[in-house]
1. For the range 20-95 and the range 114-190, what is the separation of their C-alpha centers, rounded to whole Å?
2. When the convex hull of the Cα atoms of the range 101-193 is projected onto a plane and the area is averaged over all directions, what value comes out in nm²?
3. Mind pulling the angle between the C-alpha long axis of helix 141-152 and the longest principal axis of the chain? Nearest 10 degrees, somewhere in 0 to 90.
4. When the convex hull of the Cα atoms of the range 88-133 is projected onto a plane and the area is averaged over all directions, what value comes out in nm²?
5. For n ≥ 4 DSSP H runs only, could you compute -39500 (n - 2.57) per run for the chain, divide by its residues and tell me the 222 nm figure to the nearest 500?
6. Quick one: among 17, 187, 148, which has the greatest mean-square fluctuation in a GNM of the chain with alpha-carbon springs under 10 angstrom?
7. Which of 159, 179, 54 moves the most in a Gaussian network model of the chain with Cα springs under 10 Å?
8. Counting only the backbone N, which residues of the range 101-134 are under 20 Å from the spot 7 Å out from the Cα of residue 177 toward its beta-carbon?
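Coordinate-derived values only; no laboratory data. These figures come from a predicted structure and were not determined experimentally. All Cβ positions, even for glycine, are placed from backbone atoms using ideal geometry, and neighbour counts span all protein chains on display.
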């Protein structure tokens, strides 16, 4: 059988990577690049079957790169079939946007109670302010306020994270609107400029799979993605 790095390369990625991958990928490295809607992470089961369906549709044995983290267990149980899978070893896209798991842990240790906003989560409506309006429609203002209080009263910081200053500027107004809503729990607002280092490392590993380290999960043909593979 051909070694994984000689296989055709297919990337199935969240749209969060759309602003990074095209500028970083060398010509000819990837045979197929497909982006999926940000909103899939809101329903992990939907993310699971969407990616499984995409994997199953690829007939030729390939190196399939999943541009996701574990994402609320949305990748748990996905089967490689005849392919080799390569996945960043992160819980969600925040570590990817920050540039490393180490940077993510530094932020976690500094302020454990941090709610992160990203361009993807803002565009898909995955943030407290949107949730509140959805709950008001379903349950009314009083019950919506109670539900939100149970979810968010333990957070100390709301942080907008993006890998370029341009994205920080573009999404600041939306993030500040969410931050004003979250002031009721004493959350302070911060902006964190991330890095494309994690994505650059992923591209290096795509080109030479033997360079993979603890920052990546590799699933061989016939295997499946398991939650415990992401535990550090």
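1. Here the answer is 26 Å between Cα centres.
2. The directionally averaged projection comes out at 6.0 nm².
3. 50 degrees
4. Over all viewing directions, the range 88-133 projects a mean Cα-hull area of 3.6 nm².
5. Using -39500 (n - 2.57) per qualifying helix, the result is -11500 deg cm²/dmol.
6. 148
7. Top of the fluctuation ranking is 54.
8. 115-134
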